[in-house]
Amino acid sequence: MLHKKDLSRVREVFYCAEENKPITRAEIVKGYETNKDKYVVVTDEELKKVAPVTATTMEISQFVPASTVDPIFLENSYYVAPDGPVLKPYMLLLRTLEGSKYHALAKIAMHGREHLVIIRPTAQGLVLHTMYFVDELQKANAPALSNGDKFSAKEMELAKTLVNSLAGPFKPEQYHDEYRENIERLLEAKQRGQKITLAGKPKTKPVVNIMEALKRSLQQVHQRPSGSTATGGVTKKKARPRRAA
């Protein structure tokens, strides 16, 4: 972000509302609000004293069938690398998981909090996924679906045909961030003093008749370049919370 007046960089300033003045990081402490404007202050040393065992050691508590882990629980992904003496047990766990249909469930402390994690084998070694706890998922945003919807045999057959026409192996390298690329082109054009052109956007019509919509989608599949995906009118609601850094 830049100051609109002179295009200088804007920097973050910590400000004390009570004294009406900026303060430095050295003057800041951590606290928990117990009542309105009432806080309990804690130090980094006190937090270290109450840190769980998982702050220094990762404990595997269970092995769960890989197919039973709902992806909605997955948060961030990390490669797990062995450190010196743990190479042999690391490789033993990797080879064991490769020969099974199980993933390891464990707990580990990172970034000032404890995480539930899933560890799974890959060609690059073990990969760890931090997970949300059940009470962190915003289930209130889940849509209320009716079980009374009825579909004709033709509708089901046409829908399956659409799925089969788009079916194929997962190749993540064929997908890219078009929005980022458009922004890069925008910046390059502005640097050269060129005119900004609008990005082409497909025209979509509201879905009224499901059979017509399915037929239209099938026609688009045959006209679409390889690697692109179909889109539909859906409403997105947050299932996972955003955390402050």
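The values are calculated or read from the model by the stated rules, or taken from the named source; none is laboratory data. Treat the numbers as computed from the prediction; the structure is a model and nothing was measured. Glycine also receives a Cβ, built like all others from the backbone with ideal geometry; neighbour counts cover every protein chain displayed.
For ASN209, are the conditions met, namely being of a type outside the set (D, E, K, R) and at pLDDT below 85? Before you say what the answer is, go through the steps one by one.
Values: of a type outside the set (D, E, K, R): yes; at pLDDT below 85: yes.
The answer is yes for ASN209.
Filtered by the rule that a residue be of a type outside the set (Gly, Ala, Ser), free of Cβ contacts under 8 Å to residues at least 60 places away in the same chain and either over 19 Å from TYR132 (Cβ atoms) or in a helix (DSSP H, G or I) (or both), segment 61-76 gives PHE63, PRO65, THR68, PRO71.
Select from segment 1-26 the residues that are of a type in the set (Lys, Arg) and part of a strand (DSSP E or B) and write down the one among them that is farthest from THR43 (Cα to Cα).
Residues of segment 1-26 that are of a type in the set (Lys, Arg), as a first pass: 4-5, 9, 11, 21, 25.
Now restrict to residues that are part of a strand (DSSP E or B): 9, 21.
On the way: ARG9: 33, LYS21: 24 Å.
Per the stated criteria, the residue is ARG9.
For segment 117-154, a residue qualifies if it is basic (Lys, Arg) and farther than 30 Å from LEU97 by Cα, and the qualifying residues are LYS139, LYS150, LYS154. Which residues, counting only those in segment 14-46, are in contact with a strand residue (DSSP E or B) (Cβ under 7 Å, 6 or more places away or on another chain) and either modelled with pLDDT under 90 or among the aromatic types (Phe, Trp, Tyr) (or both)? Within segment 14-46, PHE14, TYR15, TYR32, TYR39 qualify.
If I ask for residues that are of a type in the set (Phe, Trp, Tyr) and in contact with a Ser or Thr (Cβ under 8 Å, 6 or more places away or on another chain), which ones from segment 73-126 would you list? Result: TYR78, single match.
Residues in segment 152-198 that are closer than 19 Å to ALA213 by Cβ and either β-branched (Val, Ile, Thr) or surrounded by 10 or more Cβ atoms within 10 Å (Cβ to Cβ) (or both): how many? Final tally of qualifying residues: 13.
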